[in-house]
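Here is the structure we will look at.
Every read-out reported here was derived from the displayed coordinates using simple, explicitly stated rules and does not represent laboratory data. The structure presented is a predicted model; accordingly, all values stated were derived computationally and were not measured. Cβ placement follows ideal geometry from the backbone for every residue including glycine, while neighbour counts extend to all protein chains displayed.
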Amino acid sequence: MKVLVFIEQRDGKIKSSAHEALTVGTKLAGSPDNLAAVLIGSGAAALAPQLAGWGANIIFTADSADLALYNIQSYANGVDAAIKAFTPDVVLGVASPMGRDLFPRLAARFDASILTDLTSIEASGSGITGTKPMYSGKCIADVASAGAKITFATVRQNVFPANKAGSGTATSTPVTAAAGDGKIRTIEIRKGKSAKPDLTEASVIISGGRAMGNSDNFKILTECADVIGATVGASRAAVDSGYASHDMQVGQTGKTVNPNLYIACGISGSIQHMAGMRTSKVIVAVNTDKDAPIFGIASYGIVGDLFQVVPLLTARFKALLK
Ligand SMILES: Cc1cc2nc3c(=O)[nH]c(=O)nc-3n(C[C@H](O)[C@H](O)[C@H](O)COP(=O)(O)OP(=O)(O)OC[C@H]3O[C@@H](n4cnc5c(N)ncnc54)[C@H](O)[C@@H]3O)c2cc1C
C-alpha cells in the first residue's frame with residue numbers, strides 16, 4: 001500500500017515521534033517507493049535530507065516564511081497538495097496536539113475514514129486495522145477503516161519504536177501549501193518555560209500531586225529530575241492549587257504521556273490522572289496510603305512520605321549515575 005507520513009517539526013527540529021510514524025509507515029508500505037513523507041514549515045526543504053534512510057524516497061516539502069507558525073488551514077493545504085501528488089492509501093501521523101488538530105480536518109475534507117491514537121496498526125487490503133485505548137484506557141477497541149478511498153490514521157506517541165530503515169533517498173519535492181482564507185490566523189506560539197523535553201516526548205517523568213503542598217516543594221522533584229534527565233509533571237490537583245503550571249498536567253484534561261519510567265509522588269491515582277499515564281512502561285508510585293489506587297497500576301510501590309523518599313532516591317540515583 002502507498003503511505004504518506006506527516007512529519008511534525010518545531011523550530012527547525014524534526015520531532016522524535018515523526019521517526020516512530022516513519023517506522024510504522026515503512027512496515028505498512030513495504031518499499032521506499034510506496035512511502036513518502038510531507039514536511040511543512042519555514043526551512044522544511046533544508047530538513048528533508050535528515051530523513052534519508054528513514055524508508056521514504058520522496059519528501060514533499062512546503063517551505064515558505066508564511067509557514068513559520070503552525071496554522072491549521074495552511075498546513076492542511078500543504079498535506080492536501082502532497083496527497084494529490086502522491087495518491088496514498090493511508091496518511092499517517094502522530095496523535096500529538098498538532099496531529100489531533102490537523103488529521104480530523106483532513107479526513108473531513110477527503111470524506112475519508114480516520115482512526116486515531118492507535119497503539120497497534122496493521123495493513124488490511126488498502127486500509128488498516130488497529131487497536132486504540134478508550135474510556136480513559138479502561139478498555140481497548142479494535143478499529144478498522146472502511147469503504148473510503150483513503151484512510152487517515154494517527155499513532156500514539158512513544159508506543160512504536162523508531163528504527164531507521166536504512167533505505168529511502170528522501171528526495172525533497174516541493175509542493176505549495178496554499179494560504180488559508182485568513183479566518184484562522186496564528187499570531188503567536190507561546191512556549192513553556194522548561195528546557196527539558198516536553199512531557200509528551202519525555203522518556204522519564206517524575207510527577208507531583210496535591211501532597212506536594214506548595215510550588216516550592218516541587219524543587220525536590222526538579223532536583224531528582226536533573227539527575228535522571230526526567231521532565232517534571234503534575235496532577236490536576238497540584239495544577240489547580242497553583243503548585244505547578246498547566247503545561248505540566250498529566251491526565252484526561254492534561255497531557256497523555258507514555259514514558260519508559262513514570263514516578264508518581266503523592267498522587268492518589270484518580271481515573272482521570274491514570275488516563276494520561278497508565279500506558280507508561282514502568283510506573284513507580286510513592287504514597288503514604290498503602291491503599292491508594294495508583295498502587296493498582298504501579299510496577300513498583302513505595303509506601304512512604306515523598307519528602308523522605310524522593311531525596312533518598314535522588315541521592316541513590318546520583319551515586320549510581322556518577
Ligand atoms: C472532568 C475531570 C477531568 C480531570 N482531569 C484530570 C487530569 O487531567 N489530571 C489529573 O491529575 N486529574 C484530573 N482530574 C482530577 C482528578 O479527579 C483528581 O482530583 C486528581 O487527579 C487528584 O490529584 P492528586 O492525586 O494529586 O490528589 P489527591 O487525590 O488528593 O491525592 C493525594 C495523594 O497524596 C498522598 N499523600 C499525602 N501526603 C503524602 C506524602 N507526604 N507523601 C506521599 N504521599 C502523600 C495521599 O495519600 C493521596 O493518595 C479531573 C477531574 C475531572 C472531574
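Pull out a ≥ b ≥ c, the square roots of the eigenvalues of the alpha-carbon gyration tensor of the range 204-321, then state rounded if a/c is under 1.5, prolate if not and a/b is larger than b/c, and oblate in the remaining case.
Here the range 204-321 falls in the rounded category.
When DSSP beta bridges are limited to those with both residues in the range 3-174, what percentage is antiparallel, rounded to the nearest 5?
30
State to the nearest 20 debye the size of the charge dipole of the chain about its Cα centre, where the only charges are +1 on K and R beta carbons and -1 on D and E beta carbons. Don't skip to the answer; put the middle values down first.
Working: 30 positive and 25 negative charges, 61 e Å.
Dipole magnitude for the chain comes out near 300 debye.
Assuming a ≥ b ≥ c are the square roots of the Cα gyration tensor eigenvalues, decide whether the range 162-226 counts as rounded (a/c under 1.5), prolate (otherwise, with a/b larger than b/c) or oblate.
The shape class here is oblate.
HN-Hα J couplings of the range 112-121 from phi, Karplus 6.51/-1.76/1.60, θ = phi - 60°, integer Hz, Gly and Pro as x?
10, 6, 9, 10, 10, 6, 6, 10, 8, 8
What does the charge count around I302 come to, taking other residues whose C-beta lies under 15 Å from its C-beta (Lys +1, Arg +1, Asp -1, Glu -1)?
Here the count lands on -1.
Going down the list K84/K255; K15/K132; K13/K164, which pairs span over 26 Å between their C-alpha atoms?
K84/K255
Whole Å is fine, so just give me how far the alpha carbon centre of the range 243-322 lies from that of the range 74-101.
35
Give, as a single signed number, the net charge of other residues whose beta carbon lies under 13 Å from the beta carbon of G78, with Lys and Arg counted +1 and Asp and Glu -1. Intermediate values should be presented prior to the final figure.
Working: positive: K84, R105, R109; negative: E8, D63, D66, D80.
Combined, the nearby Lys, Arg, Asp and Glu give -1.
Where both partners of a DSSP beta bridge lie in the chain, what percent of those bridges are antiparallel, to the nearest 5?
In the chain, approximately 20 percent of DSSP beta bridges are antiparallel ones.
Sorted from largest down, what three extents in whole angstroms do the Cα atoms of the range 1-135 have along their principal axes?
For the range 1-135, the Cα extents along the three principal axes come out at 38, 32, 26 Å.
Using Cα-Cα distances under 8 Å and only pairs 6 or more residues apart, what relative contact order does the range 3-174 have, in percent? Walk me through the numbers on the way to the answer.
On the way: 393 pairs, mean separation 52.7, N = 172.
About 31 percent, as a whole number.
Test of understanding: in a Gaussian network model of the chain with alpha carbons linked when under 10 Å, which of K183, K255, K164 would top the mean-square fluctuation ranking?
K183
In nm, give the distance between the simple-model label positions of A148 and T253, each being 7 Å from the Cα along the Cα-to-Cβ direction.
Rounded to a tenth, the inter-label distance reads 3.0 nm.
Per residue of the range 221-236, what does 6.51 cos²θ - 1.76 cosθ + 1.60 with θ = phi - 60° give for ³J(HN,Hα)? Whole Hz please, x for Gly and Pro, Karplus curve as stated.
6, 4, 4, 5, 4, 4, 6, 9, x, 9, 9, 8, x, 8, 7, 5
Could you give P(r) for the chain, binned at 10 Å from zero, as whole percent values over all Cα-Cα pairs?
For the chain, the pair-distance distribution reads 6, 25, 29, 23, 13, 3.
Going toward the positive end of the dipole of the chain, with +1 on Lys and Arg Cβ and -1 on Asp and Glu Cβ, which of S167, T222, I72 do you reach last?
Result: T222, furthest along the dipole toward the positive end.
Based on DSSP H runs of at least 4 residues, each adding -39500 (n - 2.57), what is the mean residue ellipticity at 222 nm of the chain after dividing by all its residues, to the nearest 500 deg cm²/dmol?
Details: 8 runs with 84 residues, N = 322.
Result for the chain, helices only: -8000 deg cm²/dmol.
Which aspartates and glutamates does K27 reach when only Cα atoms under 17 Å apart count, and residues fewer than 8 places away in its own chain are ignored?
Reachable aspartates and glutamates: D89, E122.
Tabulate in residue order the Karplus-calculated ³J(HN,Hα) for the range 251-257, using 6.51 cos²θ - 1.76 cosθ + 1.60 with θ = phi - 60°, rounded to whole Hz; enter x for Gly and Pro.
x, 4, 9, x, 9, 8, 10
Scan around F152 for amide H atoms under 5 Å from its own, H built in the peptide plane at 1.01 Å from N, and keep only partners 5 or more places away or cross-chain.
Under 5 Å from the amide H of F152 lie the amide H atoms of V91, S113, I114, L115, each far enough along the sequence or on another chain.
How big is the gap, in Å, between the Cα center of the range 13-65 and the Cα center of the range 141-165?
Each part's Cα centre sits 16 Å from the other's.
Mean-square fluctuation check for the chain, GNM, Cα pairs under 10 Å: which of E223, E188, E122 is largest?
Result for the chain, Cα springs under 10 Å: E188 fluctuates most.
Let me check against my output: what whole-number percent is the relative contact order of the range 261-320, with C-alpha pairs under 8 Å and at least 6 apart?
32
Using the Cβ atoms and a cut-off under 11 Å, what net charge is assigned to the surroundings of G41, where Lys and Arg are +1 and Asp and Glu are -1?
Neighbour charge sum, excluding G41 itself: -2.
Please tell me the relative contact order of the chain in percent, rounded to the nearest whole number, where contacts are Cα pairs under 8 Å and at least six residues apart.
Contact order relative to length: 15 percent.
Taking the Cα centre of the range 105-248 as origin, work out the dipole magnitude from +1 charges on Lys and Arg Cβ and -1 charges on Asp and Glu Cβ, in debye rounded to 20.
Dipole of the range 105-248, to the nearest 20 debye: 260 debye.
Enumerate the amide H contacts of T171 below 5 Å, restricted to partners 5 or more residues apart or on another chain; note that Pro and chain-start residues carry no placed amide H.
The list, which skips near neighbours in sequence, is I58, I59.
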